[in-house]
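Only one structure is covered here, and it is reproduced in the block below.
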Amino acid sequence: MAVTPDLQHTLSKTASLSGTALHTGEKVALKLHPAPADYGIKFKRKDLQDEPTIDAKIENLKMVERATTIGEGSIRVHTVEHVLAALCAMGVDNAIVEMDANEPPICDGSAQAYVDLIRKAGVTAQEEPRKFFDVRDTMHVESKTGALLILLPDDRFRISCTQAGPNNRFAQFLSVEVTPAVFEREIAPARTFVFYEDVKQLMDKNLIKGGSLENAIVVRGEAVLSKEPLRFPDEFVRHKILDIIGDLALVGRRIRGHVVAVRPGHATNADLARSIAREQTRRSAVAAPRTIPSGDGGLDTDQVMQILPHRFPFLMVDRIISFETETKCVGVKTVTINEPFFQGHFPGHPVMPGVMQVEAMAQVASILLFKLAKTTSRIGYFMSADEVKFRKPVLPGDTIFIHAELTKSRGERLAKAKCHCVVNDAIVSEAELMFTFLDK
Ligand SMILES: [Zn+2]
């Protein structure tokens with residue numbers, strides 16, 4: 001079951017299981033169905049008239065007490081986190097989770113049954129590229145009860161978690177990179193656990209009718225009560241990581257970043273998911289403004305040409321619209337049908353050559369470097385272009401927002417930049433460029 005990291009995936013076929021719902025104690029049958037690209041994960045209430053679906057999106061979050069509940073209108077689905085964690089970690093981007101009740105089966109309190117189900121169904125690559133959330137700046141959320149989540153930039157999805165019960169009993173720490181193999185082996189078998197102090201409260205609230213030692217570990221004092229022995233000495237922190245994966249799946253994009261969690265819970269997990277979604281919306285707004293800003297914050301065409309030696313038809317930046325910091329800026333290029341390369345690339349089917357986008361990224365990065373070095377008497381030469389990816393075609397009429405960030409510079413002669421191009425809110429290309437600067 002190989003997952004191609006850059007493409008969206010769905011299930012190869014439908015697979016089903018049945019069991020008991022945790023909160024109502026009723027029998028429930030669940031089916032995982034394949035879904036088309038860009039569909040996301042949706043829960044379907046087969047037991048209700050018209051079989052409504054609910055998007056597994058943070059906007060639909062309704063409640064986070066002990067478990068995560070999503071809903072639309074008056075329709076609810078409870079305890080979505082374990083099935084979502086399994087789908088997300090096993091590489092499934094698009095699926096329908098059909099149920100004949102308001103909650104998936106709790107099974108043994110872990111995500112093991114869902115991993116088995118996904119394996120039974122199989123996972124298939126689709127043609128559309130995956131949507132990622134790349135953490136660029138540190139984000140954090142904190143609760144009054146001492147939960148803390150920090151999200152750091154990283155090119156992989158990692159979670160480092162510290163869990164501790166009341167009076168710091170059973171303090172545990174684990175750090176993992178979330179991949180299908182690691183999830184299946186290290187995280188999915190970890191079961192739900194409760195501290196005895198909390199259980200009475202839940203029973204009073206009538207919240208765990210289906211709960212038993214079959215599907216949860218109960219910790220009373222120093223004693224661990226469960227049907228079978230602990231599956232890992234640090235099973236609790238593993239389950240906390242499972243819940244983080246499931247709750248953050250509500251972001252709807254694959255996270256490339258490192259979550260550092262201290263005593264996390266569903267409420268703070270959801271807060272972080274909300275912050276990520278908000279940041280994503282903000283980025284989309286920045287990526288495609290209705291009006292392109294001009295003035296002090298950026299550079300107009302004339303100023304760009306004072307810095308760059310490139311001229312028609314090889315000037316690939318119209319303007320710089322903002323400098324976020326000295327080492328980070330966004331340029332813009334409006335692509336028209338009059339671009340000379342469209343004549344031959346291709347007649348009757350104009351597509352902007354990917355190498356021209358790489359060139360545009362290099363030019364925006366050069367502007368940063370020339371500004372830093374306060375010189376224009378040099379010319380930048382490419383040394384290498386790594387991690388180059390072309391995700392979507394760029395067509396006449398598109399406006400490209402070219403993001404560049406200098407990640408390394410050695411003296412004034414050598415620089416590395418991480419760049420990406422955005423059209424209509426989607427990354428169309430990206431690259432890591434290295435160049436050297438020589439006197440003209
Ligand atoms: Zn859980």
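Check the straight Cα-Cα distances from residue 27 and name the aspartates and glutamates below 20 Å, setting aside those fewer than 8 residues away within the same chain.
47, 51, 81, 98, 100, 103, 108, 116, 214
Karplus couplings for the range 104-120 from phi (6.51 cos²θ - 1.76 cosθ + 1.60, θ = phi - 60°), rounded to Hz, Gly and Pro as x?
Those phi angles translate into x, x, 6, 6, 9, x, 10, 9, 4, 4, 6, 4, 4, 5, 5, 4, 5 Hz.
Using only Cα atoms, locate the centre of the range 147-162 and the centre of the range 298-318, then give the distance between them in Å, rounded to an integer.
Result: 40 Å between the Cα centres.
How large is the Kirkwood hydrodynamic radius of the range 34-185, counting all unique pairs of alpha carbons, in Å?
17.5
How many times 2.2 N^0.38 Å is the alpha carbon radius of gyration of the range 296-363?
Relative to the rule-of-thumb radius for its length, the range 296-363 sits at 1.21.
Could you work out how far the C-alpha centroid of the range 385-426 sits from that of the range 226-274, in angstrom?
Measuring centre to centre over Cα atoms gives 33 Å.
Which three extents, in whole angstrom, do the alpha-carbon atoms of the range 146-235 cover along their principal axes, largest first?
Largest first, the range 146-235 extends 45, 29, 25 Å along its Cα principal axes.
From the Cα gyration tensor of the range 351-423, with a ≥ b ≥ c the square roots of its eigenvalues, which class applies: rounded if a/c is under 1.5, or else prolate if a/b is larger than b/c, or else oblate?
Here the range 351-423 falls in the prolate category.
Mind putting together the pair-distance distribution for the chain? All Cα pairs, 20 Å bins, whole percent per bin, short to long.
Going from the shortest bin to the longest, the percentages are 24, 47, 25, 5.
Based on C-alpha coordinates, I'd like the Rg and Dmax of the range 194-275, in Å.
Cα-based Rg and Dmax for the range 194-275 come out at 14.8, 41 Å.
Mind checking which lysines have their C-alpha under 17 Å from residue 13, skipping anything on the same chain fewer than 8 residues away?
Candidates past the 8-residue exclusion: 31, 42, 44, 120.
Report the trypsin sites (Lys or Arg not before Pro) located in the range 327-392 that are in a DSSP loop and have at most 14 other Cβ atoms inside 10 Å of their Cβ, or state none.
Within the range 327-392, the qualifying trypsin sites (Lys or Arg not before Pro) (loop, at most 14 other Cβ atoms within 10 Å) are 374.
Taking only Cα atoms and a 10 Å spring cutoff, compute GNM fluctuations for the chain and point out the largest among 118, 245, 150.
Looking only at 118, 245, 150, the biggest GNM fluctuation is shown by 150.
Taking N as the number of residues in the range 98-198, what value does Rg over Cα atoms divided by 2.2 N^0.38 Å take?
Output field value: 1.35.
Which lysines have a Cα less than 28 Å from the Cα of residue 371, not counting those fewer than 8 places away in the same chain?
The reachable lysines, counting only those whose Cα sits under 28 Å from residue 371, are 328, 333, 389, 408, 416, 418, 440.
Values quoted throughout were computed directly from the atomic coordinates according to the rules given, and no laboratory measurement underlies them. Just so it is clear, the model here is predicted, and its values are computed rather than measured. For neighbour counting, all protein chains shown are included, and Cβ atoms are generated from backbone atoms with ideal geometry for every residue, glycine included.
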